[in-house]
Amino acid sequence: IAAVLSDPESYEPIPPEAVGNERRLLLPGIAQASYLEALAGRLGVDLSEDTAANRRIKEELLRLEKEGYTYEDAEASFELVLGKLTGRFRPWIEVERLRLFEVIRGKLQPVVEASLRVRLGSRTEYVAAEGEGPVRTLFTVLKDALLEEAEALGELAGYVQNLELKSVRVRTFYPRGTRELKARVTITLADGERAYTTIGISGDLIQAVWQALLDGMEYGLYTEAERRNIVLV
């Protein structure tokens, strides 16, 4: 990566921008300063200067990496983390309580039910949903909660309505230096024009799924509001 950044012409016969593309850097490890600075620069964050603020950001990113947060397939989560650390992103969704359980109906037909109490900006919503599995049910209850605030979302209500759950990937791993097995979940959401992937990590699979879903919803709202010049309150 450092070689590509220092001498792109040797690795790219045609500049990506010349054909409507952009250089995409895979994330092998954020410990590589040149790579991290280049990726952050693409998001409008300058980490090249040796300042106290930049050192704090890099230290936190390294801490997350040691816990297993690698972002090669979840750049949306990386952008959110960077936004939180720089103060550019303020979470709009605050979960107060979530319940998820499986019930058996009729002739041994399992159904997953979820109830969610969530604070959206200055308002609180309580919604319930059911589905054929925990992941889709969690997605549905979160989406329904947001749509209860259609008036506050304004133009973004249609955006949320169009969001779809495209894929879920799960793997287990042991973070460096530990014997605690954890789940790494990546979830891809799509809005009809773009798709983006977020990550969740936890010793509990459902918590990892929920973290990835929350990041996905927050990222979608954050970037779409920014694109449309909307301020969520």
**One residue from Leu43, Leu64, Leu27, Leu39 being closer than 26 Å to Gly200 by Cβ and modelled with pLDDT under 60** = Leu27
**Complete:** Counting only residues in segment 71-98 that are in contact with a strand residue (DSSP E or B) (Cβ under 8 Å, 6 or more places away or on another chain) and among the hydroxyl-bearing types (Ser, Thr, Tyr), the one modelled with the highest pLDDT is identified as Ser77
**Asked** Of all residues in segment 95-111, how many are farther than 15 Å from Val127 by Cβ, among the aliphatic types (A, V, I, L, M) and either under 24 Å from the mean Cα position of the chain (by Cα) or part of a strand (DSSP E or B) (or both)?
**Response** 3
**Prompt:** Of the residues that sit in segment 171-203 and are assigned to a loop (DSSP other than H, G, I, E, B) and either in contact with a Lys or Arg (Cβ under 9 Å, 6 or more places away or on another chain) or among the hydrophobic types (A, V, I, L, M, F, W, C) (or both), which one is surrounded by the fewest Cβ atoms within 10 Å (Cβ to Cβ)?
**Reply:** Gly177
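Rundown of residues vs (1) touching a Phe, Trp or Tyr at 6+ places or on another chain (Cβ under 7 Å); (2) modelled with pLDDT of 95 or more; (3) closer than 12 Å to Gly216 by Cβ; (4) of a type in the set (S, T, N, Q), yes/no style:
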{"residue": "Glu155", "(1), (2), (3), (4)": "no, no, no, no"}
{"residue": "Val170", "(1), (2), (3), (4)": "no, yes, no, no"}
{"residue": "Tyr174", "(1), (2), (3), (4)": "no, no, no, no"}
{"residue": "Leu189", "(1), (2), (3), (4)": "yes, yes, yes, no"}
{"residue": "Gly192", "(1), (2), (3), (4)": "no, no, no, no"}
**Asked** For Thr140, are the conditions met, namely being closer than 27 Å to Arg171 by Cα, surrounded by 16 or more Cβ atoms within 10 Å (Cβ to Cβ) and of a type in the set (Ser, Thr, Tyr)?
**Response** yes
**Request:** Output the residue which, of all residues in segment 148-160 that are closer than 17 Å to Trp92 by Cα and of a type outside the set (A, V, I, L, M, F, W, C), is surrounded by the fewest Cβ atoms within 10 Å (Cβ to Cβ).
**Result:** Glu151
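Confirm whether Arg136 is farther than 26 Å from Arg228 by Cβ, part of a strand (DSSP E or B) and not hydroxyl-bearing (Ser, Thr, Tyr). Break it down stepwise before answering.
Numbers: farther than 26 Å from Arg228 by Cβ: yes; part of a strand (DSSP E or B): no; not hydroxyl-bearing (Ser, Thr, Tyr): yes.
In short, no.
The values are calculated or read from the model by the stated rules, or taken from the named source; none is laboratory data. Values in this document were obtained by computation on a predicted structure and should not be read as measured data. No Cβ is skipped: glycine too gets one built from the backbone with ideal geometry, and neighbour counts run over all protein chains shown.
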